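Novice: Structure provided below as structure tokens; questions to follow.
The values are calculated or read from the model by the stated rules, or taken from the named source; none is laboratory data. Fair warning: this is a prediction, and the values are worked out from it, not measured in the lab. Note that we place each Cβ from the backbone using ideal geometry, even for glycine, and neighbour counts take in every protein chain shown. With ligands, DNA and RNA removed, areas are computed over all heavy atoms of the protein, side chains included. Shrake-Rupley method; radii C 1.70, N 1.55, O 1.52, S 1.80 Å.
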Amino acid sequence: MEETSKSKSRWIEIKIYDDETYQKLLQARQSGSSESGLSPMKTISVSHYGVSGGPFIKMEHLATLGLIATFLYANSLRHKIVA
């Protein structure tokens, strides 16, 4: 298995093996020999865009800006009414 953070491209290959070939693959990995003779039954390529960092503007910042704008608007209207 390959970790997504170590992946150089955004395509990840998932290899599907039958039981006998998978056991041979595990034995080859444990002994350190070559895995080139073992071919998977099916290889699936999956596109992975990475982890989302969330929206550009967070909702709490937008709400704070809205409250400040509402306060300034109400304060300017109060000054007009009082004057």
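Novice: Given the conditions (1) more than 30 Å from Asp19 (Cα to Cα); (2) not in a loop (DSSP other than H, G, I, E, B), which single one is not true for Ile57?
Specialist: Among (1) more than 30 Å from Asp19 (Cα to Cα); (2) not in a loop (DSSP other than H, G, I, E, B), the lone unmet condition for Ile57 is (2).
Novice: Among the residues that make up the stretch 54-76, is at least one of them touching a residue at least 40 places away in the same chain (Cβ under 8 Å), open to solvent by less than 70 Å² (accessible area, probe 1.4 Å) and closer than 30 Å to Arg10 by Cβ?
Specialist: No: zero hits.
Novice: Which of the following residues is more than 30 Å from the chain's Cα centre (by Cα) and among the β-branched types (Val, Ile, Thr): Thr64, Thr70? Explain how you work it out, then say what you get.
Specialist: Values: Thr64 fails: more than 30 Å from the chain's Cα centre (by Cα).
Selected residue: Thr70, the only one of Thr64, Thr70 that is more than 30 Å from the chain's Cα centre (by Cα) and among the β-branched types (Val, Ile, Thr).
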